[in-house]
Amino acid sequence: MPQSRHPYNRSAFNHTAGRVPTPFRPPAKESVTFTMTIAEAPNIWAVAQQQFDQAAELLDLGPGLRRVLRVPKRELTVNFPVHMDDGHVEVFTGFRVHHNVSRGPAKGGIRYHQDVTRDEVRALAMWMTWKCAVVNIPFGGGKGGVIVDPKKLSPKELEGLTRRFTTEISPLIGPDRDIPAPDVNTNSQTMAWMMDTFSMHRGYTISAVVTGKPVAVGGSLGRNEATARGAVFTLQQASKALNIPLAGARVAIQGYGNAGSIAADLLHAEGATVIAVSDSSGGIHNPAGLDPAKVGAWKKEHGTVVGFPGTTPVSNEELLTLDCDILIPAALENQITASVARNVKAKIVAEAANGPTTPEADEILHERGIFLIPDILCNAGGVTVSYFEWVQDMQSFFWTESRINESLKEIMDRAFEAVYAMSQTREVHMRLAAYMVAVQRVAEATTLRGLYP
């Protein structure tokens, strides 16, 4: 395969500029001098770096530039106290990481989960860099998280934790520096607390410091549905490219939170048949189809989709290998492993979640002819409408929902076309194509800005 040459491949980032460089080799685990070594990182961070390495190799990036883009720019770890309802003080640990900000302020969600790790946040921040670049919006990548099971906290405790965490990371965040958003186990109320806390420290309202807020305090219409709607837009494009109509397509969705449930509604409206859904408690299956509205009402009443009348129970892993046309992983990372990939029966896998498929599984799906819409493209609708929200807040001028959805479709369609064209031209699978498009854009911006001083 011929290698593409780009003007930013030989620059100040490569001290051997002017000479033919040594072919790139990822550093051996024991030889990495940066403090965040693969040797100490869990799989998700190694996966993120491996995905970057593959794209960098095909783009023929110089070794200096690879070193810059392979690690985060900065990271903050905070340990902070919170008054609990029974009077005792609990100390929680949180993180905020910026990967690359060459194309604009850092952008990325805040998640509350008992299994959050610093390496997970690093990987998610890196993925946000590529996600913003693949849809070509002027943000860099950031991410944050707190190690906590929010289901064990009262609303008052959750508010206290959010406000204190916001205060602790306030040196990094701001409308021109880093704009957080909701992620796993956080929502518009969380963002309202964050915005209010940041504003109280400044003495006036700064609505653009976060996105994903309620509309009443500067949020955007269409933001709640944006991740799912963007995923459906990419599915519409894939269905045209593959000649697989959405009408009548059988869909299985792992994860019935915001993205999964709204995707079910939107696909049902397109004429697709949702045959299975799941949440953290388990899944349900009915080959004849489910009514997403009724399943949503059941979950609201019972706290889970499990037990919905007229269905057969399935585990989260079993759902991934059901006989269907479209599989949407909309839960957590590393769900489609190599062993699962060998048994996936879907024709299209659309990643509404971040990092649900391992690199080994990517290759297996590709070899089996299964078309994958990668996360940094498929679920980029959320950050795209977050960008719209940020623009509206900065201008104090708000758009109609129809304008937002039309603009979202235009951006998602253009991004899909760029990635699909790269895939066809370079004869690589869609994940690698998406990374090549994104890394190329970030590398160009980073090189043009140069090294300071």
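Data overview
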| read-out | value |
| --- | --- |
| Sequence of Lys299, Lys152, Lys294 when ordered by accessible area, the most exposed leading, probe 1.4 angstrom | Lys152, Lys294, Lys299 |
| Neighbour net charge for Ile173 - beta-carbon separation under 15 angstrom, K R +1, D E -1 | +3 |
| Alpha carbon centroid spacing (whole Å) that separates the stretch 168-217 from the stretch 243-320 | 32 Å |
| Among beta bridges that DSSP assigns inside the stretch 81-236, antiparallel share in %, nearest 5 | 50 percent |
| Label of the coordinate-derived value, log10 I(q)/I(0) by the Debye sum over Cα atoms at q = 0.08, 0.13, 0.14 Å⁻¹, listed as (1) -0.45, -1.22, -1.41; (2) -0.52, -1.29, -1.40; (3) -0.51, -1.16, -1.27 | (1) |
| Mean Cβ neighbour count within 10 Å, used as a protection proxy, ranking 97-104, 380-387 highest first | 380-387, 97-104 |
| Gain upon complete extension [Arg426, Ala288; 0.36 nm per residue less C-alpha separation] | 45.7 nm |
| Gain on full stretching of the segment that runs from Arg74 to Ser402 - 0.36 nm per residue minus C-alpha separation | 114.3 nm |
| Ranked by how many other beta carbons lie within 10 Å on average, peptides 440-448, 67-75 from highest | 440-448, 67-75 |
| Average Cα contact separation per residue, the stretch 327-413, under 8 Å, 6 or more apart, as relative contact order % | 25 percent |
| Difference of contour (0.36 nm per residue) and Cα-Cα distance, Gln236 to Glu57 | 61.3 nm |
| Segments 206-216, 395-405 sorted - mean Cβ within 10 Å per residue, highest first | 206-216, 395-405 |
| Mean residue ellipticity (222 nm) of the chain, computed from DSSP H runs ≥ 4 via -39,500 (n - 2.57), nearest 500 | -14000 deg cm²/dmol |
| Ala269 paired with Asp176, simple spin-label distance in nm, labels 7 Å along Cα-to-beta-carbon | 3.9 nm |
| Binned Cα-Cα distance frequencies in the stretch 163-211 - 10 Å width, integer % | 28, 64, 8 |
| Those residues of the stretch 170-192 whose amide nitrogen sits under 15 Å from the label point placed on Lys151, 7 Å along Cα→Cβ | 184-186 |
| Under 14 Å, Cβ to Cβ, from Lys143 - net charge with Lys/Arg +1 and Asp/Glu -1 | +1 |
| Entries in Lys143/Lys300; Lys143/Lys213; Lys156/Lys299; Lys131/Lys240; Lys240/Lys409 that, when Cα-Cα distance is taken, lie over 19 Å | Lys143/Lys300; Lys156/Lys299; Lys131/Lys240 |
| The chain - percent relative contact order, Cα under 8 Å, separation 6 or more | 16 percent |
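The values are calculated or read from the model by the stated rules, or taken from the named source; none is laboratory data. Computed from a predicted model, the values in this text were never measured in an experiment. Using ideal geometry, Cβ is built from the backbone for each residue, glycine included, and neighbour counts are taken over all protein chains shown. Heavy atoms of the whole protein, side chains included, go into the accessibility calculation; ligands, DNA and RNA do not. Shrake-Rupley method; radii C 1.70, N 1.55, O 1.52, S 1.80 Å.
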